[in-house]
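Notes follow the structure.
The values are calculated or read from the model by the stated rules, or taken from the named source; none is laboratory data. The shown structure was predicted, so the numbers you read here are calculated from the model rather than taken from an experiment. Neighbour counts are summed over all protein chains in view; Cβ atoms, including those assigned to glycine, are modelled from backbone coordinates with ideal geometry. Side chains are part of the model used for accessible areas, which takes the heavy atoms of the whole protein and leaves out ligands, DNA and RNA. Shrake-Rupley method; radii C 1.70, N 1.55, O 1.52, S 1.80 Å.
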Amino acid sequence: MDQTRKDTSKYKQIPASVWNAVMNQGFDFVFRIHVPDGIMSFAHACESGALVDYRRSFDPYAEAPDFSDFCKMMLDRTVDEEKDPFRDQTRLEYIRREVADRGDYVRTVHIIVDGERKSVNIRIFPDPSDPEMLIGIMFDVSAFLDHDWMTDEYARIGFVKKIRDFLKEKPEDRNVSLVYTNVKGFKAINDLFGEQSGDMVIFHTRDRLREILDPIFIGRPEGDHFILLVNDESLTEENFNILGAQTYSEGDRQYDFSIRAGIYHVTSRDVPIRKMIDRARLAERSLSETSVRTYMIYDDKVRASYINRQKYSSEMSSALESNEFKAYFQPIVNAADHSVASAEALIRWQHKDIGMISPGEFIPAFESSGQISALDRFMIDRVTDLNGRRKAAGSPLITCAVNLSRIDFYNNSLMDHLLSIYEKDHSATDWLRVEVTESAYADLENNASDYLEKLKSLGVKILLDDFGSGMSSLSTLENFDFDIVKLDMGFIRKIGIIDKAEMIIKSTIDLSHALGAKVTAEGVETKEQLDFLSRAGCDYIQGYYFYKPVPEDELEKILDREI
Ligand code: C2E
Ligand code: CA
Ligand code: CA
């Protein structure tokens, strides 16, 4: 026996008032933890059900074990998929912090007892009679519920059972929907603040969903996702706007994130519940990475676009191998004399069955599957090859910008490939530039934005794409030194139509200049737009007024004609 062990007799005695109260609620098992030394004492262990097992290991009246030993014993019985979170989240320090933050700590763990899976609910809260003590209660809930380990909400199985029963009883005129949610920015919060904060965000999300959508049932099938059955009256634009604009703060640090939702209207009882959940999830996933919308209702369009996405994704590698992808180039001119200044590389897919597919159609599919990086690498290599050939032939090189997706910055091998081009050939900064959209830039965290800084420090010109589309903010210009700001074509369209838009364009050009950046206007199609932009001091013009995107050989012809 460990000689250093303190006399624990005083912990063994739980005031009768405390545990009588708890036992009267029908709990199976009550303990206290003395926080400073982590020693447990027991009040009661029930003879029936799952919990009798613990009593066999620890005689509650004879021994005061360490809480950590007790958890180890529980861990042996815990189902495999919960072993890791159980090990992490039953550290006394973790529990103590959660009790301090939230007032209590509640989990449901699944254990195997005599070959049978049991759900055990654990609650830990402060002992009102002693600030050094926590009270814990455990009870076997397997008989009536299947709960999620962390949030104590229904897990998938429990939720499906509940919905099935509910729909059986539902009156015809009560309209309900399934809502599947996703925390956009969850990964960033985990990376920025640490995992326990990520957990807090899950609690926060659960609480907001309960408060705003007032669900009939709520479950947490996985990770940062919740699934809810709600009355259709709750599905208002306003509610989704509130859910879309959440803030997590810790100390003086803040992080904005949005709770996005996919909605499936329950119209028929014949659709299996799992299908309904899949459809709500599909609707959520069909919101693109950059969309400002925060919810999507499942309909035939969502379905069709999903089928296309699936199809495109499965065909990508073979299409790349059989050269179905082509690099096109759109020349960009100097506003002053209309001479060609540079070009933007734009991908095209000449599909063997469908014909030409525009990037707007397949890029979102490849962004969500992560395959976009292979295509962006392909485009980088086309620009490198083109200039390699021109260099060998003694022709002037062509400055080209390639588009990078947000995902690319999380792809180390692509980033290393790109960096190695500049490291191998220092003059590459003269002919290879990169474009990033504002929303992609805003989404980059630590690691990913290090790459942007690294490129910048090598002298690579970084272009801010689509500025003025969606929710632009001037602080983006302040936060990073972009070399060129590209005004989105949505803005350019308003020239000659909306006075206010013209003023905004003029001020954005002035501001960019003041911050040391040049400005390109995109999508210039008319003489009127061109004239306005020239007067406003815009530096470069891109658009059909001068050139459409063309294949490589035509680009070379245009340039050779010019020179
Ligand atoms: P973007 O980067 O904003 O590219 C400019 C888009 O505007 C191109 O569409 C171009 O063809 C089009 N455009 C240029 N001038 C005019 C004009 O005067 N009028 C009109 N109506 N359109 C004009 P495109 O080639 O269909 O590309 C669409 C988007 O797909 C691009 O928008 C870019 O975000 C993405 N994309 C294209 N190629 C790549 C690529 O290689 N990698 C990645 N990650 N994204 C790409
Ligand atoms: Ca672009
Ligand atoms: Ca653009």
- Query: Just a yes or no: is a residue in the range 506-517 under 26 Å from Phe409 (Cβ atoms), of a type outside the set (A, V, I, L, M), away from ligand 3 (no atom under 16 Å from the Cβ) and open to solvent by 50 Å² or more (accessible area, probe 1.4 Å)?
  - Reply: yes
- Just need a number here: residues in the range 453-481 that are open to solvent by less than 20 Å² (accessible area, probe 1.4 Å), more than 13 Å from ligand 2 (Cβ to nearest atom) and within 24 Å of Ala188 (Cβ to Cβ). 4
- Note on the structure: Residue hits (the range 289-305; hydroxyl-bearing (Ser, Thr, Tyr) and open to solvent by less than 70 Å² (accessible area, probe 1.4 Å)) are Ser291, Thr294, Tyr295, Tyr298, Ser305
- Message: Criterion first (within 15 Å of ligand 2 (Cβ to nearest atom) and free of Cβ contacts under 8 Å to residues at least 60 places away in the same chain) does Asp450 satisfy it?
- Response: no
- Task: Within the range 239-278, count every residue that is over 20 Å from Val183 (Cβ atoms) and not hydrophobic (A, V, I, L, M, F, W, C).
- Result: 10
- Message: Which condition from (1) touching a helix residue (DSSP H, G or I) at 6+ places or on another chain (Cβ under 9 Å); (2) open to solvent by less than 30 Å² (accessible area, probe 1.4 Å); (3) at pLDDT 50 or above is the one that Val99 breaks?
- Response: (1)
- Scanning the range 518-546 residue by residue, the ones that are in a helix (DSSP H, G or I), touching a residue at least 24 places away in the same chain (Cβ under 8 Å) and open to solvent by 10 Å² or more (accessible area, probe 1.4 Å) total 4
- Item | Residue identified as closer than 20 Å to Tyr540 by Cβ, open to solvent by less than 50 Å² (accessible area, probe 1.4 Å) and more than 16 Å from ligand 3 (Cβ to nearest atom) among Leu414, Leu432 | Leu432
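Please work out which residue is farthest from ligand 1 (Cβ to nearest atom), limiting yourself to the range 385-436 and to residues that are of a type in the set (Ser, Thr, Tyr) and not in a helix (DSSP H, G or I).
Going through the qualifying residues, I end up with Ser395.
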- Does any residue of the range 241-251 turn out to be open to solvent by 20 Å² or more (accessible area, probe 1.4 Å) and at positive phi? yes
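One line per residue, one yes/no per condition, for (1) within 11 Å of ligand 1 (Cβ to nearest atom); (2) in contact (Cβ under 8 Å) with a residue 24 or more places away in the chain; (3) under 16 Å from Tyr306 (Cα atoms); (4) buried (at least 18 other Cβ atoms within 10 Å of the Cβ):
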site	(1), (2), (3), (4)
Val340	no, yes, no, yes
Ala345	yes, yes, no, yes
Gly355	no, no, no, no
Pro364	yes, yes, yes, yes
Gly370	no, yes, yes, no
Asp376	yes, yes, no, yes
Ile380	yes, yes, no, yes
- Task: Kindly indicate which of Ser475, Ser512, Ser439 is in contact with a strand residue (DSSP E or B) (Cβ under 6 Å, 6 or more places away or on another chain), assigned to a helix (DSSP H, G or I), of a type outside the set (Val, Ile, Thr) and modelled with pLDDT under 95.
- Result: Ser512
- Query: Any chance the range 358-371 includes a residue that's in a strand (DSSP E or B) and not basic (Lys, Arg)?
  - Reply: no
- Query: Restricting the first residue to the range 158-169 and requiring it to be farther than 20 Å from Glu222 by Cα, which pairs with a second residue that is surrounded by fewer than 16 Cβ atoms within 10 Å (Cβ to Cβ) meet a Cβ separation below 8 Å and a spacing of at least six or different chains?
  - Reply: Leu167/Arg269; Lys168/Arg269
